[in-house]
1. Across the stretch 245-286, what is the total count of residues that are outside any helix (DSSP H, G or I), aliphatic (A, V, I, L, M) and either over 18 Å from the mean Cα position of the chain (by Cα) or surrounded by fewer than 17 Cβ atoms within 10 Å (Cβ to Cβ) (or both)?
2. If I ask for residues that are assigned to a helix (DSSP H, G or I) and crowded, with 23+ Cβ neighbours inside 10 Å, which ones from the stretch 95-122 would you list?
3. Just one of (1) in contact with a helix residue (DSSP H, G or I) (Cβ under 9 Å, 6 or more places away or on another chain); (2) surrounded by 18 or more Cβ atoms within 10 Å (Cβ to Cβ) trips up Asn198, so point out which.
4. Is it true that Ile294 is modelled with pLDDT of 95 or more, out of contact with any Asp or Glu (no Cβ under 8 Å at 6 or more places or on another chain) and closer than 30 Å to Ser51 by Cα?
5. With outside any helix (DSSP H, G or I) and buried (at least 18 other Cβ atoms within 10 Å of the Cβ) as the only criterion, which of Ser2, Ser65 stands out?
6. Got a number for residues in the stretch 326-343 being over 20 Å from Ala177 (Cβ atoms) and crowded, with 16+ Cβ neighbours inside 10 Å?
7. I want to confirm something. Restricting to the stretch 139-189 and keeping residues that are of a type in the set (A, V, I, L, M) and either at pLDDT below 95 or in a loop (DSSP other than H, G, I, E, B) (or both), which single residue is surrounded by the most Cβ atoms within 10 Å (Cβ to Cβ)?
8. For the condition farther than 24 Å from Val134 by Cβ, out of contact with any helix residue (DSSP H, G or I) (no Cβ under 8 Å at 6 or more places or on another chain), free of Cβ contacts under 8 Å to residues at least 40 places away in the same chain and not aliphatic (A, V, I, L, M), what is the one hit in Gly239, Gly210, Gly228?
Amino acid sequence: MSLIIDCHGHYTTAPKALEDWRNRQIAGIQDPALMPRAADLRISDDELRESIETNQLRLMRQRGSDLTLFSPRASFMAHHIGDFGVSSTWAAICNELVYRVSRLFPEHFVPVAMLPQSPGVDPATCIPELERCVREYGAVGINLNPDPSGGHWTSPPLTDRHWYPIYEKMVEYDIPAMIHVSTSCNACFHTTGAHYINADTTAVMQLIQGDLFKDFPTLRFIIPHGGGAAPYHWGRYRGLAQELKKPLLAEHLLKNVFFDTCVYHQPGIDLLARVIPVDNILFASEMIGAVRGIDPETGFHYDDTRRYIEASALSPEERHRIFEANARRVFPRLDALLEARGL
């Protein structure tokens with residue numbers, strides 16, 4: 001029987017003390033006298049346990065998932081706030097909390113790191129935090145924000161050499177990145193309903209336009225939320241690649257790019273599985289995330305995504321790939337961790 005590995009989980013239920021500390025940090029940008037120290041944040045193990053046991057772990061048990069790749073809350077990354085120093089301190093705090101959760105619940109949570117990105121700042125500044133999270137915390141992947149400006153898109157495309165320091169480190173450690181934006185500060189783009197999906201779609205098109213994987217043939221990206229609009233418009237992207245004189249997408253993109261199942265209705269999952277090869281789909285739910293309600297058409301939570309995979313026209317072997325095998329292939333450090341546990 002497959003392990004059910006959820007490749008997309010965020011610590012959205014962290015104790016309120018974390019948000020309070022962040023609000024003090026933001027206030028301290030304008031008035032340095034108000035800036036808190038990292039040591040001022042005190043959250044006990046018991047508080048962490050309660051925040052997980054009554055939320056993510058409870059739902060994992062109810063819904064039948066085994067392991068979540070867990071990262072700091074995406075909307076809290078807010079890389080557009082403050083400078084690199086602010087982002088660096090904030091990322092270190094959030095990554096440490098996720099690591100502590102993984103130590104308290106090692107069978108159920110494995111860390112994925114947030115980077116201390118900041119608009120206009122060389123991505124190489126993120127390397128020390130990336131290295132620390134991999135070496136000390138056992139992070140098996142990272143989240144990479146292609147738009148640290150928060151909805152204004154001031155950074156170069158993902159195919160630009162601007163990003164190469166991070167890619168080189170990803171290749172060195174053999175870790176993938178989930179391409180994940182944070183809060184939108186642009187009123188034109190709702191954070192989860194527009195900005196997230198825009199970013200997913202934009203990332204796919206940027207990768208089509210460039211030739212990044214010629215320079216980094218082993219680089220791997222996960223495009224979350226089912227790939228944004230890309231699978232629904234796959235003919236458009238195949239045609240655009242053709243006009244750009246690029247190879248077929250199976251060659252140009254799909255050796256390196258993967259899509260998750262954070263698509264919150266059955267027809268969407270069915271389309272994803274028909275359009276995108278099964279080997280490029282990883283199970284995910286982003287539970288207690290963007291869409292937390294109950295679907296009145298089904299009576300189940302929208303983000304109870306295992307139900308959609310089970311109800312799809314996939315074979316048992318294809319479901320195994322989506323639930324477990326693909327994640328172990330895309331996240332080699334996760335595979336090694338599970339093998340060490342005899343799984």
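1. Summing the residues that are outside any helix (DSSP H, G or I), aliphatic (A, V, I, L, M) and either over 18 Å from the mean Cα position of the chain (by Cα) or surrounded by fewer than 17 Cβ atoms within 10 Å (Cβ to Cβ) (or both) in the stretch 245-286 gives 4.
2. Passing the criteria: Asn95, Val98, Val101.
3. The single condition Asn198 does not satisfy is (1).
4. Taking the combined requirement at face value, the residue satisfies it.
5. Residue meeting the stated conditions: Ser65.
6. 1
7. Selected residue: Val181.
8. Criteria check complete, one pass: Gly239.
The values are calculated or read from the model by the stated rules, or taken from the named source; none is laboratory data. Since the model is a prediction, treat every value here as computed from it, not as a measurement. Neighbour counts run over all protein chains shown; Cβ positions are idealised from the backbone, glycine included. To get the accessible areas, we keep the full protein, side chains included, count just its heavy atoms, and leave off ligands, DNA and RNA. Shrake-Rupley method; radii C 1.70, N 1.55, O 1.52, S 1.80 Å.
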